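This report concerns only the one structure given below.
The values are calculated or read from the model by the stated rules, or taken from the named source; none is laboratory data. The structure displayed is predicted, hence computed values, not measured ones. As a convention, Cβ positions derive from the backbone with ideal geometry for all residues, glycine included, and neighbour counts pool all protein chains shown.
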Ligand SMILES: NC(=O)c1ccc[n+]([C@@H]2O[C@H](COP(=O)([O-])OP(=O)(O)OC[C@H]3O[C@@H](n4cnc5c(N)ncnc54)[C@H](OP(=O)(O)O)[C@@H]3O)[C@@H](O)[C@H]2O)c1
(Lines give C-alpha, C1' and ligand atoms only; values in the text may rest on other atoms or scores of the structure.)
Protein backbone atom coordinates (compact mmCIF):
# COMPACT_ATOMS: atom_id res chain seq x y z
CA UNK A 1 0.00 0.00 0.00
CA UNK A 2 1.24 3.48 -0.81
CA UNK A 3 -1.32 5.43 1.19
CA UNK A 4 -2.18 5.47 4.87
CA UNK A 5 -5.93 5.82 5.44
CA UNK A 6 -6.62 7.58 8.74
CA UNK A 7 -9.96 7.97 10.57
CA UNK A 8 -9.69 11.45 12.09
CA UNK A 9 -11.58 13.23 14.83
CA UNK A 10 -12.70 16.30 12.87
CA UNK A 11 -15.00 17.86 15.50
CA UNK A 12 -15.80 17.09 19.13
CA UNK A 13 -19.15 15.27 19.34
CA UNK A 14 -21.93 16.92 21.28
CA UNK A 15 -24.01 14.12 22.69
CA UNK A 16 -24.25 11.17 20.35
CA UNK A 17 -21.40 11.18 17.78
CA UNK A 18 -22.43 12.11 14.22
CA UNK A 19 -20.75 10.93 11.03
CA UNK A 20 -19.63 14.54 10.40
CA UNK A 21 -17.53 14.46 13.58
CA UNK A 22 -15.05 12.26 11.70
CA UNK A 23 -13.15 12.26 8.40
CA UNK A 24 -11.39 9.48 6.52
CA UNK A 25 -8.30 10.86 4.81
CA UNK A 26 -5.36 9.43 2.88
CA UNK A 27 -1.81 10.45 3.75
CA UNK A 28 1.62 9.12 2.84
CA UNK A 29 2.79 6.00 4.68
CA UNK A 30 5.24 7.28 7.33
CA UNK A 31 8.70 5.84 8.01
CA UNK A 32 9.65 4.17 11.28
CA UNK A 33 10.89 6.96 13.60
CA UNK A 34 14.38 6.83 15.16
CA UNK A 35 14.26 4.07 17.81
CA UNK A 36 10.64 3.22 16.93
CA UNK A 37 8.56 1.03 14.66
CA UNK A 38 5.89 1.33 11.97
CA UNK A 39 2.96 -1.05 12.53
CA UNK A 40 0.60 -2.26 9.80
CA UNK A 41 -2.65 -2.48 11.78
CA UNK A 42 -4.80 -5.57 11.16
CA UNK A 43 -7.49 -5.21 13.84
CA UNK A 44 -8.55 -2.28 16.01
CA UNK A 45 -10.52 -2.37 19.22
CA UNK A 46 -13.70 -0.25 19.26
CA UNK A 47 -14.35 0.69 22.88
CA UNK A 48 -16.85 2.84 24.78
CA UNK A 49 -13.82 4.60 26.30
CA UNK A 50 -13.02 6.17 22.92
CA UNK A 51 -16.17 8.27 23.30
CA UNK A 52 -14.71 9.80 26.47
CA UNK A 53 -11.37 10.48 24.78
CA UNK A 54 -13.24 12.56 22.16
CA UNK A 55 -14.38 15.07 24.82
CA UNK A 56 -12.24 17.96 25.98
CA UNK A 57 -12.80 17.10 29.63
CA UNK A 58 -10.56 15.99 32.53
CA UNK A 59 -9.99 12.24 32.42
CA UNK A 60 -7.33 9.59 32.91
CA UNK A 61 -5.91 10.32 29.43
CA UNK A 62 -5.60 13.52 27.42
CA UNK A 63 -8.35 14.15 24.86
CA UNK A 64 -7.69 13.04 21.28
CA UNK A 65 -6.43 16.25 19.59
CA UNK A 66 -8.74 17.51 16.85
CA UNK A 67 -7.39 16.43 13.47
CA UNK A 68 -5.64 13.36 14.92
CA UNK A 69 -6.63 9.79 14.12
CA UNK A 70 -8.97 8.32 16.74
CA UNK A 71 -6.89 6.58 19.41
CA UNK A 72 -7.42 2.81 19.55
CA UNK A 73 -5.72 -0.33 20.73
CA UNK A 74 -4.63 -2.29 17.67
CA UNK A 75 -2.93 -5.53 16.78
CA UNK A 76 -0.76 -5.64 13.70
CA UNK A 77 2.55 -6.54 12.12
CA UNK A 78 5.81 -4.60 12.32
CA UNK A 79 6.21 -3.11 8.82
CA UNK A 80 9.48 -1.22 9.43
CA UNK A 81 11.69 -1.10 12.48
CA UNK A 82 14.48 1.05 13.86
CA UNK A 83 14.50 -0.84 17.14
CA UNK A 84 16.49 -4.04 17.68
CA UNK A 85 13.81 -5.46 20.00
CA UNK A 86 11.19 -5.52 17.21
CA UNK A 87 11.77 -7.22 13.86
CA UNK A 88 9.83 -6.73 10.63
CA UNK A 89 7.02 -9.31 10.37
CA UNK A 90 6.55 -9.64 14.12
CA UNK A 91 3.01 -9.31 15.58
CA UNK A 92 2.51 -6.59 18.18
CA UNK A 93 -0.29 -4.89 20.07
CA UNK A 94 -0.33 -1.34 21.34
CA UNK A 95 -2.25 1.86 21.92
CA UNK A 96 -2.26 3.25 18.37
CA UNK A 97 -5.10 4.67 16.24
CA UNK A 98 -7.77 3.89 13.64
CA UNK A 99 -5.45 3.98 10.61
CA UNK A 100 -3.70 1.56 8.28
CA UNK A 101 -0.23 2.29 9.66
CA UNK A 102 0.76 3.57 13.10
CA UNK A 103 4.07 4.94 14.26
CA UNK A 104 4.87 3.48 17.68
CA UNK A 105 7.63 4.01 20.19
CA UNK A 106 8.25 0.83 22.16
CA UNK A 107 7.51 1.09 25.88
CA UNK A 108 4.16 1.92 27.34
CA UNK A 109 1.58 -0.49 25.97
CA UNK A 110 3.45 -1.74 22.86
CA UNK A 111 4.21 -5.44 23.28
CA UNK A 112 4.90 -8.51 21.16
CA UNK A 113 2.07 -11.07 20.93
CA UNK A 114 2.10 -14.77 20.08
CA UNK A 115 -0.58 -15.23 17.40
CA UNK A 116 0.29 -18.91 16.92
CA UNK A 117 -1.26 -19.60 20.31
CA UNK A 118 -4.72 -18.16 19.48
CA UNK A 119 -7.58 -18.67 17.02
CA UNK A 120 -7.30 -15.10 15.72
CA UNK A 121 -4.95 -12.16 16.45
CA UNK A 122 -8.12 -10.24 17.39
CA UNK A 123 -8.31 -12.39 20.55
CA UNK A 124 -5.71 -10.00 21.97
CA UNK A 125 -8.36 -7.27 21.77
CA UNK A 126 -11.04 -9.40 23.47
CA UNK A 127 -10.55 -12.15 26.02
CA UNK A 128 -6.75 -11.88 26.14
CA UNK A 129 -6.61 -8.09 25.94
CA UNK A 130 -7.70 -5.17 28.07
CA UNK A 131 -11.37 -6.19 27.93
CA UNK A 132 -10.88 -9.72 29.28
CA UNK A 133 -8.40 -8.43 31.81
CA UNK A 134 -10.85 -5.74 32.93
CA UNK A 135 -13.19 -8.55 33.89
CA UNK A 136 -10.37 -10.56 35.44
CA UNK A 137 -8.82 -7.87 37.65
CA UNK A 138 -12.02 -5.87 38.21
CA UNK A 139 -13.87 -8.87 39.57
CA UNK A 140 -11.22 -11.14 41.04
CA UNK A 141 -8.87 -8.50 42.51
CA UNK A 142 -11.16 -5.58 43.30
CA UNK A 143 -14.42 -7.30 44.26
CA UNK A 144 -12.81 -10.52 45.59
CA UNK A 145 -15.88 -12.74 45.08
CA UNK A 146 -16.58 -15.52 47.56
CA UNK A 147 -18.44 -18.75 46.93
CA UNK A 148 -22.20 -18.41 47.37
CA UNK A 149 -22.27 -14.62 46.98
CA UNK A 150 -24.65 -12.93 44.55
CA UNK A 151 -22.95 -11.05 41.72
CA UNK A 152 -25.04 -8.53 39.77
CA UNK A 153 -23.56 -7.46 36.41
CA UNK A 154 -24.87 -4.71 34.14
CA UNK A 155 -24.05 -4.50 30.44
CA UNK A 156 -23.98 -8.23 31.01
CA UNK A 157 -24.15 -9.48 27.41
CA UNK A 158 -21.31 -7.20 26.31
CA UNK A 159 -17.61 -7.97 26.10
CA UNK A 160 -16.68 -7.05 29.68
CA UNK A 161 -20.01 -8.06 31.22
CA UNK A 162 -20.17 -11.54 29.70
CA UNK A 163 -16.62 -12.26 30.90
CA UNK A 164 -17.38 -10.94 34.40
CA UNK A 165 -20.42 -13.20 34.70
CA UNK A 166 -18.50 -16.27 33.59
CA UNK A 167 -15.62 -15.51 35.98
CA UNK A 168 -18.23 -15.07 38.70
CA UNK A 169 -19.49 -18.61 38.00
CA UNK A 170 -15.91 -19.94 38.15
CA UNK A 171 -15.62 -18.21 41.56
CA UNK A 172 -18.81 -19.97 42.75
CA UNK A 173 -21.16 -16.97 42.76
CA UNK A 174 -24.82 -16.83 41.90
CA UNK A 175 -24.70 -14.56 38.83
CA UNK A 176 -27.47 -12.21 37.73
CA UNK A 177 -27.07 -10.19 34.54
CA UNK A 178 -28.86 -7.09 33.27
CA UNK A 179 -29.00 -6.60 29.49
CA UNK A 180 -31.16 -5.05 26.79
CA UNK A 181 -33.73 -7.30 25.13
CA UNK A 182 -34.99 -10.88 25.30
CA UNK A 183 -32.37 -12.29 22.94
CA UNK A 184 -29.47 -10.94 25.00
CA UNK A 185 -31.13 -12.28 28.16
CA UNK A 186 -31.48 -15.71 26.53
CA UNK A 187 -27.77 -15.64 25.66
CA UNK A 188 -26.83 -14.74 29.23
CA UNK A 189 -28.37 -17.98 30.47
CA UNK A 190 -27.72 -20.34 27.54
CA UNK A 191 -24.36 -19.11 26.20
CA UNK A 192 -22.69 -17.66 29.27
CA UNK A 193 -24.19 -19.73 32.12
CA UNK A 194 -25.69 -16.90 34.17
CA UNK A 195 -28.26 -17.99 36.79
CA UNK A 196 -30.77 -15.24 36.02
CA UNK A 197 -31.23 -12.39 33.54
CA UNK A 198 -33.11 -9.10 33.73
CA UNK A 199 -34.13 -7.15 30.61
CA UNK A 200 -33.87 -3.44 31.51
CA UNK A 201 -35.58 -2.22 28.34
CA UNK A 202 -39.12 -0.86 28.60
CA UNK A 203 -39.08 -0.85 32.41
CA UNK A 204 -39.53 2.22 34.59
CA UNK A 205 -37.60 2.60 37.85
CA UNK A 206 -40.08 0.68 40.02
CA UNK A 207 -40.39 -2.19 37.54
CA UNK A 208 -36.62 -2.50 37.18
CA UNK A 209 -36.11 -2.47 40.98
CA UNK A 210 -38.74 -5.23 41.27
CA UNK A 211 -37.29 -7.33 38.45
CA UNK A 212 -33.81 -7.22 40.00
CA UNK A 213 -35.28 -8.10 43.40
CA UNK A 214 -36.99 -11.13 41.91
CA UNK A 215 -33.76 -12.29 40.24
CA UNK A 216 -31.59 -11.53 43.29
CA UNK A 217 -33.87 -12.05 46.31
CA UNK A 218 -31.03 -11.86 48.86
CA UNK A 219 -29.63 -8.68 47.33
CA UNK A 220 -26.34 -8.24 45.50
CA UNK A 221 -23.10 -8.76 47.43
CA UNK A 222 -21.20 -7.47 44.39
CA UNK A 223 -22.38 -5.07 41.69
CA UNK A 224 -20.13 -4.96 38.62
CA UNK A 225 -21.23 -1.73 36.98
CA UNK A 226 -20.80 -1.11 33.26
CA UNK A 227 -23.83 1.07 32.56
CA UNK A 228 -24.70 3.65 35.24
CA UNK A 229 -27.76 5.92 34.93
CA UNK A 230 -31.19 4.41 35.56
CA UNK A 231 -29.79 0.85 35.74
CA UNK A 232 -27.43 1.74 38.61
CA UNK A 233 -30.20 3.71 40.30
CA UNK A 234 -32.32 0.54 40.36
CA UNK A 235 -29.43 -1.69 41.43
CA UNK A 236 -28.72 0.30 44.61
CA UNK A 237 -32.19 -0.64 45.89
CA UNK A 238 -31.06 -4.28 45.71
CA UNK A 239 -27.82 -4.23 47.69
CA UNK A 240 -26.96 -6.80 50.34
CA UNK A 241 -25.41 -5.46 53.53
CA UNK A 242 -21.76 -4.41 52.95
CA UNK A 243 -22.09 -4.79 49.17
CA UNK A 244 -19.07 -3.96 46.98
CA UNK A 245 -19.83 -1.89 43.88
CA UNK A 246 -17.10 -1.98 41.21
CA UNK A 247 -17.52 1.11 39.02
CA UNK A 248 -16.07 -0.10 35.75
CA UNK A 249 -18.09 1.88 33.20
CA UNK A 250 -21.07 4.21 32.81
CA UNK A 251 -21.90 3.79 29.13
CA UNK A 252 -25.45 5.15 29.47
CA UNK A 253 -23.90 8.52 30.37
CA UNK A 254 -21.13 8.78 27.75
CA UNK A 255 -23.30 10.54 25.16
CA UNK A 256 -25.26 12.58 27.70
CA UNK A 257 -24.41 16.27 27.31
CA UNK A 258 -24.93 16.73 31.06
CA UNK A 259 -23.70 14.15 33.57
CA UNK A 260 -26.40 13.86 36.21
CA UNK A 261 -24.74 11.41 38.60
CA UNK A 262 -26.31 8.83 40.90
CA UNK A 263 -29.48 9.63 42.76
CA UNK A 264 -30.53 7.40 45.65
CA UNK A 265 -27.05 7.44 47.19
CA UNK A 266 -28.86 7.05 50.51
CA UNK A 267 -29.32 3.36 49.61
CA UNK A 268 -25.54 2.96 49.39
CA UNK A 269 -25.22 4.49 52.86
CA UNK A 270 -27.91 2.37 54.51
CA UNK A 271 -26.41 -0.86 53.12
CA UNK A 272 -22.90 0.28 54.22
CA UNK A 273 -21.73 -0.43 50.69
CA UNK A 274 -18.33 0.34 49.19
CA UNK A 275 -17.95 1.98 45.78
CA UNK A 276 -14.63 1.25 44.08
CA UNK A 277 -13.56 3.10 40.92
CA UNK A 278 -11.56 0.80 38.65
CA UNK A 279 -9.24 1.37 35.67
CA UNK A 280 -7.56 -1.54 33.90
CA UNK A 281 -4.49 0.62 33.15
CA UNK A 282 -3.50 0.20 36.81
CA UNK A 283 -2.97 -3.52 36.15
CA UNK A 284 -0.85 -3.24 32.97
CA UNK A 285 2.17 -4.70 34.81
CA UNK A 286 0.14 -7.87 35.50
CA UNK A 287 -1.26 -8.45 31.99
CA UNK A 288 0.93 -11.51 31.37
CA UNK A 289 -0.33 -13.20 34.54
CA UNK A 290 -4.01 -12.43 33.87
CA UNK A 291 -3.69 -13.29 30.18
CA UNK A 292 -2.22 -16.71 30.97
CA UNK A 293 -5.10 -17.55 33.30
CA UNK A 294 -7.72 -16.32 30.82
CA UNK A 295 -6.06 -18.35 28.03
CA UNK A 296 -6.18 -21.46 30.19
CA UNK A 297 -9.90 -21.05 30.98
CA UNK A 298 -10.61 -20.43 27.28
CA UNK A 299 -8.70 -23.57 26.29
CA UNK A 300 -10.53 -25.61 28.94
CA UNK A 301 -13.88 -24.40 27.58
CA UNK A 302 -14.77 -22.73 30.89
CA UNK A 303 -14.88 -19.32 29.24
CA UNK A 304 -16.59 -18.24 26.05
CA UNK A 305 -15.48 -15.03 24.32
CA UNK A 306 -17.56 -13.79 21.39
CA UNK A 307 -16.27 -11.19 18.95
CA UNK A 308 -18.29 -8.91 16.71
CA UNK A 309 -15.84 -8.26 13.84
CA UNK A 310 -16.83 -5.39 11.53
CA UNK A 311 -15.09 -4.78 8.23
CA UNK A 312 -13.02 -1.83 7.03
CA UNK A 313 -11.82 1.59 8.15
CA UNK A 314 -14.47 3.12 5.86
CA UNK A 315 -17.10 1.61 8.21
CA UNK A 316 -15.45 2.82 11.42
CA UNK A 317 -18.22 5.27 12.33
CA UNK A 318 -21.12 2.85 11.77
CA UNK A 319 -19.22 0.11 13.56
CA UNK A 320 -18.41 2.34 16.56
CA UNK A 321 -22.07 3.31 16.95
CA UNK A 322 -23.02 -0.36 17.48
CA UNK A 323 -21.74 0.05 21.06
CA UNK A 324 -24.40 2.65 21.81
CA UNK A 325 -27.33 1.02 20.00
CA UNK A 326 -26.48 -2.32 21.62
CA UNK A 327 -26.14 -3.98 18.19
CA UNK A 328 -22.76 -5.51 19.04
CA UNK A 329 -22.76 -9.19 19.93
CA UNK A 330 -19.50 -9.66 21.80
CA UNK A 331 -16.29 -7.67 21.72
CA UNK A 332 -16.52 -5.07 18.95
CA UNK A 333 -13.49 -5.21 16.67
CA UNK A 334 -12.74 -3.47 13.35
CA UNK A 335 -10.78 -5.43 10.75
CA UNK A 336 -8.46 -3.01 8.97
CA UNK A 337 -6.19 -5.22 6.85
N1 LIG B 1 -12.72 0.75 33.76
C2 LIG B 1 -12.04 0.17 32.77
O3 LIG B 1 -10.81 0.06 32.81
C4 LIG B 1 -12.81 -0.35 31.60
C5 LIG B 1 -12.17 -1.12 30.61
C6 LIG B 1 -12.96 -1.61 29.54
C7 LIG B 1 -14.31 -1.30 29.49
N8 LIG B 1 -14.87 -0.53 30.46
C9 LIG B 1 -16.30 -0.21 30.45
O10 LIG B 1 -17.02 -1.42 30.41
C11 LIG B 1 -18.28 -1.18 29.81
C12 LIG B 1 -18.54 -2.23 28.71
O13 LIG B 1 -17.57 -2.07 27.69
P14 LIG B 1 -17.45 -3.16 26.52
O15 LIG B 1 -16.25 -2.80 25.74
O16 LIG B 1 -17.56 -4.51 27.11
O17 LIG B 1 -18.73 -2.85 25.63
P18 LIG B 1 -19.97 -3.83 25.37
O19 LIG B 1 -20.60 -4.10 26.69
O20 LIG B 1 -19.53 -4.97 24.54
O21 LIG B 1 -20.92 -2.92 24.47
C22 LIG B 1 -21.62 -1.85 25.00
C23 LIG B 1 -23.01 -2.29 25.48
O24 LIG B 1 -23.52 -1.31 26.36
C25 LIG B 1 -24.92 -1.36 26.36
N26 LIG B 1 -25.48 0.00 26.33
C27 LIG B 1 -25.24 0.96 25.42
N28 LIG B 1 -25.94 2.07 25.72
C29 LIG B 1 -26.63 1.79 26.86
C30 LIG B 1 -27.55 2.52 27.67
N31 LIG B 1 -27.89 3.80 27.39
N32 LIG B 1 -28.08 1.91 28.78
C33 LIG B 1 -27.74 0.64 29.06
N34 LIG B 1 -26.89 -0.11 28.34
C35 LIG B 1 -26.34 0.46 27.25
C36 LIG B 1 -25.35 -2.14 25.10
O37 LIG B 1 -25.88 -3.41 25.54
P38 LIG B 1 -27.49 -3.60 25.76
O39 LIG B 1 -28.00 -4.07 24.44
O40 LIG B 1 -27.55 -4.60 26.85
O41 LIG B 1 -28.04 -2.25 26.13
C42 LIG B 1 -24.05 -2.36 24.35
O43 LIG B 1 -24.01 -3.58 23.65
C44 LIG B 1 -18.27 0.25 29.29
O45 LIG B 1 -18.92 1.08 30.22
C46 LIG B 1 -16.79 0.58 29.25
O47 LIG B 1 -16.53 1.94 29.35
C48 LIG B 1 -14.14 -0.04 31.50
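Here 78, 39 are screened, and the one residue that is touching a residue at least 60 places away in the same chain (Cβ under 8 Å) and either part of a strand (DSSP E or B) or closer than 22 Å to residue 288 by Cα (or both) is 39. Among the residues of region 238-246, some residue qualifies, meaning at least one is on the phi < 0 side of the Ramachandran plot and within 18 Å of the chain's Cα centre (by Cα). State whether the residues of region 251-262 include one that is more than 16 Å from the ligand (Cβ to nearest atom) and farther than 22 Å from residue 332 by Cβ. Looking for residues that are more than 16 Å from the ligand (Cβ to nearest atom) and farther than 22 Å from residue 332 by Cβ, one finds none in region 251-262, hence no. When restricted to residues that are within 18 Å of residue 252 (Cβ to Cβ), touching a strand residue (DSSP E or B) at 6+ places or on another chain (Cβ under 7 Å) and assigned to a helix (DSSP H, G or I), region 172-223 contains 3.
Within region 136-152, is even one residue closer than 20 Å to residue 277 by Cβ, assigned to a strand (DSSP E or B) and more than 8 Å from the ligand (Cβ to nearest atom)? Scanning region 136-152 turns up at least one residue that is closer than 20 Å to residue 277 by Cβ, assigned to a strand (DSSP E or B) and more than 8 Å from the ligand (Cβ to nearest atom).
Quick one: is residue 156 in contact with a strand residue (DSSP E or B) (Cβ under 9 Å, 6 or more places away or on another chain), closer than 17 Å to residue 247 by Cβ and in a loop (DSSP other than H, G, I, E, B)? Judged against the criteria, residue 156 is a match. Every test in (1) closer than 24 Å to residue 267 by Cα; (2) without any contact (Cβ under 8 Å) to a residue 60 or more places away in the chain is passed by residue 232 save one, and that test is (2). Just one of the listed residues (209, 223) is in contact with a helix residue (DSSP H, G or I) (Cβ under 6 Å, 6 or more places away or on another chain), in the same structural domain as residue 144 (by TED's automatic domain parsing), surrounded by 17 or more Cβ atoms within 10 Å (Cβ to Cβ) and in contact (Cβ under 8 Å) with a residue 40 or more places away in the chain, namely 223. Of all the criteria given as (1) part of a loop (DSSP other than H, G, I, E, B); (2) under 25 Å from residue 130 (Cβ atoms), the one not satisfied by residue 52 is (1). The criterion of at least 3 residues that are touching a residue at least 40 places away in the same chain (Cβ under 8 Å) and crowded, with 19+ Cβ neighbours inside 10 Å is met by the following helices (runs of 4 or more DSSP H) wholly inside region 235-337: 287-299, 316-325.
Let's see how each residue does on (1) under 17 Å from residue 113 (Cα atoms); (2) more than 16 Å from the ligand (Cβ to nearest atom); (3) assigned to a loop (DSSP other than H, G, I, E, B); (4) at pLDDT 95 or above:
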residue: 26; (1), (2), (3), (4): no, yes, no, yes
residue: 43; (1), (2), (3), (4): yes, no, no, yes
residue: 60; (1), (2), (3), (4): no, no, yes, no
residue: 92; (1), (2), (3), (4): yes, yes, no, yes
